[in-house]
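Below is one structure, written out as structure tokens; the observations come after it.
FYI, it's all coordinate maths here, none of it is from the lab. Please read all numbers here as calculations on a predicted model, not as lab measurements. Ideal geometry is used to build each Cβ from the backbone, glycine not excepted, and the neighbour counts take in all protein chains shown.
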Amino acid sequence: MSKKAFDSLVGFAQAVTNLLVLGGTYWAVFAVRAALGYPYAAANRLAVETVFPYLAALYVILWLAYRLPAYYETTTYEGVLSHVFVQLILALASLAMSFVVRAFAFPRGLVAMTFALQIVVLLPLDYGWSQFYSRMRPKALTVCIGADTATAVTLAKQLSTATAYIASSMSTSDVTGEWMQGVPEGASLTLDAGVPLSERDRILRLAMAHGVIVQLVATVNESLLQNARMKVRADHLILTVEPYGHSPVDLILKRMLDIAASVLALAVFSPVFLLASIAILLEDGRPVFYLQQRLGFRGRVFNIIKFRTMCRDAEGPTGACLSKGELDPRITRAGRLMRRTGLDEVPQFINVLRGDMSVVGPRPERPELAQKILEETPDWSLRLLVRPGITGVAQVQGRYTTAPEDKLTMDLAYIRSRSLFNYDLTIILHTLKMFFLPDRRG
């Protein structure tokens, strides 16, 4: 059986067992209550039967969005968080769905009991699936190729640590047709972004001729070609790359999502505004909010709103500079807690309602620091083709220490996506986990 077929089979089997558990927990609670002499009425059971098909469909969507089949590729903690958030969203959705489909007899107490039962059953079950998968399908081998050996070794270490790959390394000068013939079946090549274009093309052609899979650490040029339209004109195959080619419908849906998410977030986090304001006032006095100039859509400057996490006049002696993270002595105690949980970003939903920002998009940078980044990464200004966001691909997939060039390619992947609206939904779901993964926030 091929690896792709095995992946599909395991993924399908895991989805089926998870759905069976999802339905089984509802009927288990019904049975336990009946055995204890407190049975639910027939109307309650009918309401659950009405709502459950919608929950099952939502579960499949969330299961794919959180990449739960790839549980084995994440840390145990992050995998557990993914499952908890999926079940929590389902619990809340069951309440909302009961009103939408007019199943008003849906038992509210059932939600809490099934949520707890699903967590208890699904976590060990899916962890068992991940262990089974890891044993039956060993880690894939990839050969990391860099412009020099040192670069290749660095990339191999990163992939071996952060992914399900066993990685070796070599320089471009060692890649020949004879060497390519000896690449083990099922192995792949991973080319670093620093490999010169001529060598990139040579190795890619060699690999295709010998049936070897190639993974490219994307460059800016390759990111810009994403979703380019192809057409034949005058006997030439032409690729059309548009600076900003999203449909008006997609942009309207994205804006509606921004407004809905911002209103909901401000309502949910309204107690945080009060508690954060009191904490800041007690520790360091006024002001509670911190306004800072940032670059927005097409370079327009706006004032971003955040809870103040540093002491007053923190940049007076030094001017604009990047924070040193947890070790920065300018951060207050309340500020350290807010940064750790990401709650200092909540006031930015006001910027979203004002149209300065979007919920999802590249993070806005300060004009002074942007100038320094542009000197090292001239293509960085391409991020300004969309509104900046509170969260984004670089924040979810990257880290605070991720290099600006890598964050740029991640942001360009978002900008060049076929549908910003669909991508936004996925990023928002993943962002929920970031409150509990401070080291992952980029």
Pulled fully out, how much extra length does the chain show between LEU141 and SER381, if you take 0.36 nm times their separation in residues and subtract their Cα-Cα distance?
-> 82.8 nm
Length-normalised contact order of the stretch 248-440, Cα under 8 Å, at least 6 apart, in percent, tallies to 24 percent
Please work out the C-alpha center-to-center distance from the stretch 185-238 to the stretch 387-435 and express it in whole Å.
-> 23 Å
How do TYR133, TYR244, TYR59 line up, fewest other C-beta atoms within 10 Å first?
-> TYR244, TYR133, TYR59
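For the chain, what does the helix formula give at 222 nm: sum of -39500 (n - 2.57) over DSSP H segments with n ≥ 4, over the residue count, nearest 500 deg cm²/dmol? Don't jump to the answer; show the numbers that get you there.
Details: 16 runs with 242 residues, N = 442.
So the calculated ellipticity at 222 nm is -18000 deg cm²/dmol.
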Take the Cβ-Cβ distance between LEU291 and ALA234 as r, set R0 to 56 Å, and report the resulting FRET efficiency rounded to the nearest 0.05.
-> 0.55
For the chain, calculate the relative contact order in percent as a whole number, restricting contacts to Cα pairs under 8 Å that are 6 or more residues apart.
-> 12 percent
Farthest toward the dipole's positive end in the chain, which of VAL101, MET434, ALA5, given Cβ charges of +1 (Lys, Arg) and -1 (Asp, Glu) about the Cα centre?
-> VAL101
Counting only residues 5 or more apart in sequence or on a different chain, those whose built amide H sits under 5 Å from that of LEU216 are LEU191
ARG418 and ASP328 label points (each 7 Å along its Cα→Cβ direction) are spaced in nm at 4.0 nm
Give the percent of DSSP beta bridges with both residues in the chain that are antiparallel, rounded to the nearest 5.
-> 45 percent
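Could you calculate the FRET efficiency of ASP7 with ARG108 from 1/(1 + (r/R0)^6), where r is the beta carbon distance between them and R0 is 35 Å, rounded to 0.05? Write down the numbers at each step before the final one.
Values: r = 39 Å, r/R0 = 1.12.
It comes to 0.35.
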Can you give the FRET efficiency for MET256 and ILE350, using 1/(1 + (r/R0)^6), R0 = 25 Å, r = Cβ-Cβ distance, to the nearest 0.05?
-> 0.90
Between VAL121 and SER173, what length comes free when the chain is fully extended (0.36 nm per residue of separation minus the Cα-Cα distance, one decimal in nm)?
-> 13.5 nm
